[in-house]
Amino acid sequence: MLLSKYVKESNKGIVCTVCSHYCLIKNGKSGLCGIRKNIDGQIFATTYGFPCAISVDPIEKKPLFHFLPKTKTLSYATVGCNFSCKFCQNHSISQTNTLIAPFGKILPEKMVYLAKEYETPSISATYTEPTVFLEYNLAIMKLAKKDGIKNIWVSNGYFSEETFGTIEPYLDAINIDLKSTNSERLKCATDAKVEPVLENIERIFKSGIHIELTTLVIPSFNDFEVEIKSIAQNIASISKEIPWHLSRFFPRYKWSNIQATPIETLNMAERVAKESGI
């Protein structure tokens, strides 16, 4: 599908504007996400209409505990992500540009139909990163909104300001992964910067869209009390009313040699969060 709306021209290629990487994509190449490709001077999303996963989940699994509690949500994703997290739980679909389409082509109208069929009051773009398949989920969001179905993103928070302006009228709730506030540490683990994530958290909160945050507490990465305190203070500086989920890490992907997070570490993180007033 042609995506010329979300690009800027450059004499060296095309700048994709959907996320904060602002990838300069040369002809025949893809952005960091692996699925947005420059073909003869035009950007195409190679996964449009081809979800790699569709499931009906408890909304608490997103996790959202304060938005439509005790309901189910129709969850879906396509392959691809603009982060390269070494600890990704869904790396088999997020860290590939190979099309995975077990359901064949599912047009936006069909996705909304499925939500009605399974009687889910919401649809969630999740599992990978909604930003990279923006056009597909935006088409779904617009149709869902017309039918009174709520729209949810589970995101790393690295979407661009331009993308936020596009999704704001249709997005009802979001959970953003706040992995760290240490730029060097985050860059090493994900190839991304922390500033756009923090800016988007504040942007979402000020917009009135329901927001909850999640931090996966990982040994030797972000499990230090000073780091947990830094994350807590950053959240509190925006609002102490933002729910914050502290999740336990289990060995995954390139960090399969790291031990699971000790329960006492999560207890420490909870204490620090409460001391920060969250």
Practice task
State which residue is nearest to Leu138 (Cα to Cα) when the search covers only region 38-58 and only residues that are modelled with pLDDT under 95 and open to solvent by less than 50 Å² (accessible area, probe 1.4 Å).
Solution key: Ala45
Problem - Filter result for Tyr158 (farther than 30 Å from Pro251 by Cα and modelled with pLDDT of 95 or more) - result: no
Fill in the blank from the handout: The condition from (1) assigned to a strand (DSSP E or B); (2) under 27 Å from Tyr6 (Cβ atoms); (3) of a type in the set (A, V, I, L, M) that Val56 misses is numbered (2)
Fill in the blank from the handout: Screening Asp172, Asp177 for residues that are in contact with a Ser or Thr (Cβ under 7 Å, 6 or more places away or on another chain) and in contact (Cβ under 8 Å) with a residue 24 or more places away in the chain leaves only Asp177
Completion exercise
By residue number, the members of region 131-169 that are in contact with an Asp or Glu (Cβ under 7 Å, 6 or more places away or on another chain), closer than 18 Å to Cys81 by Cα and not in a loop (DSSP other than H, G, I, E, B) are Ile152, Ser155
Completion exercise
Per the filter on region 59-87, residues in a loop (DSSP other than H, G, I, E, B), surrounded by 21 or more Cβ atoms within 10 Å (Cβ to Cβ) and in contact (Cβ under 8 Å) with a residue 60 or more places away in the chain are Lys62, Leu64, Phe67, Cys81, Asn82, Phe83, Cys85
Practice task
Specify the residue that is farthest from Lys37 (Cα to Cα); the eligible residues are those in region 109-118 that are in contact with a strand residue (DSSP E or B) (Cβ under 8 Å, 6 or more places away or on another chain) and open to solvent by 10 Å² or more (accessible area, probe 1.4 Å).
Solution key: Tyr118
Handout entry: Every residue from region 26-37 that is open to solvent by less than 70 Å² (accessible area, probe 1.4 Å) and over 22 Å from the mean Cα position of the chain (by Cα)
Key = Gly28
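The values are calculated or read from the model by the stated rules, or taken from the named source; none is laboratory data. For clarity, every value in this text was computed on a predicted model and none was experimentally measured. Neighbour counts are summed over all protein chains in view; Cβ atoms, including those assigned to glycine, are modelled from backbone coordinates with ideal geometry. All accessible areas refer to the heavy atoms of the entire protein, side chains included, with ligands and DNA or RNA removed. Shrake-Rupley method; radii C 1.70, N 1.55, O 1.52, S 1.80 Å.
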